[in-house]
Amino acid sequence: YLGGMLASLAEECGFRYSSLSIRFQRTRWGSCSMRGSINLNACLLFLPEKLVRYILLHELCHTRQLNHSEAFWKLLFAVEPDALARDKAMRQAWRYVPQWVMARE
């Protein structure tokens with residue numbers, strides 16, 4: 001699901017990434033390396049689709065801007081006009097993840 005959605009968004013918005021990995025993480029929803037490798041948290045599967053879309057677009061924008069500069073936010077707003085609201089909603093997104101997921105080891 002996440003891989004297909006990332007590929008679709010990348011094609012739709014004109015982004016390229018080199019690889020994708022998905023694993024359970026405790027602190028980050030996603031990250032992007034200098035080589036364009038995107039890492040996603042498997043816990044995204046529990047979030048509403050609009051928040052998942054935001055995270056995927058956020059990471060895709062990092063394939064062009066590896067920081068959170070003004071240029072990065074301008075690029076993100078171009079592909080996700082509601083980026084500010086989505087970013088704010090992500091501060092409470094862990095509430096969607098069941099406790100049993102976080103308790104597993």
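Miscellaneous remarks
- Against the criterion of solvent-accessible heavy-atom surface with a 1.4 angstrom probe, ARG53, ARG35 sort, most first, into ARG35, ARG53.
- The accessible area of GLU80, taken with all protein chains in place and a 1.4 Å probe, comes to roughly 10 Å².
- Relative to the current alpha-carbon distance between VAL101 and GLU12, full extension at 0.36 nm per residue lengthens the span by 28.9 nm.
- For the chain, the solvent-accessible area works out to 61 Å² per residue, with a probe of 1.4 Å and every protein chain left in place.
- For the chain, the average shadow cast by the Cα convex hull is 6.4 nm², which is a quarter of the hull's surface.
- Residue (of MET102, LEU57, ALA71) at the positive-pole extreme of the chain, dipole from beta-carbon charges: MET102
- By a 1.4 Å probe calculation restricted to protein chains, LEU9 has an accessible surface near 10 Å², given to the nearest 10.
- When a 1.4 Å probe is rolled over the protein heavy atoms, the share of accessible surface on the chain that falls to carbon and sulfur comes to 52 percent.
- Helix-derived mean residue ellipticity, 222 nm - over the chain, DSSP H n ≥ 4, -39500 (n - 2.57), to 500: -13500 deg cm²/dmol
- For the chain, modelled as a GNM whose springs connect Cα atoms under 10 angstrom apart, the maximal fluctuation among LEU56, LEU20, LEU40 occurs at LEU20.
- About the Cα centre, charge dipole magnitude for the chain (Lys/Arg +1, Asp/Glu -1 at Cβ), debye: 300 debye
The values are calculated or read from the model by the stated rules, or taken from the named source; none is laboratory data. What you are looking at is a predicted structure, and each value in this text was computed from that prediction instead of being measured. Note that each Cβ is placed from the backbone with ideal geometry, even for glycine, and that neighbours are counted across all protein chains shown. The accessibility values were calculated without ligands, DNA or RNA, using every heavy atom of the protein model including side chains. Shrake-Rupley method; radii C 1.70, N 1.55, O 1.52, S 1.80 Å.
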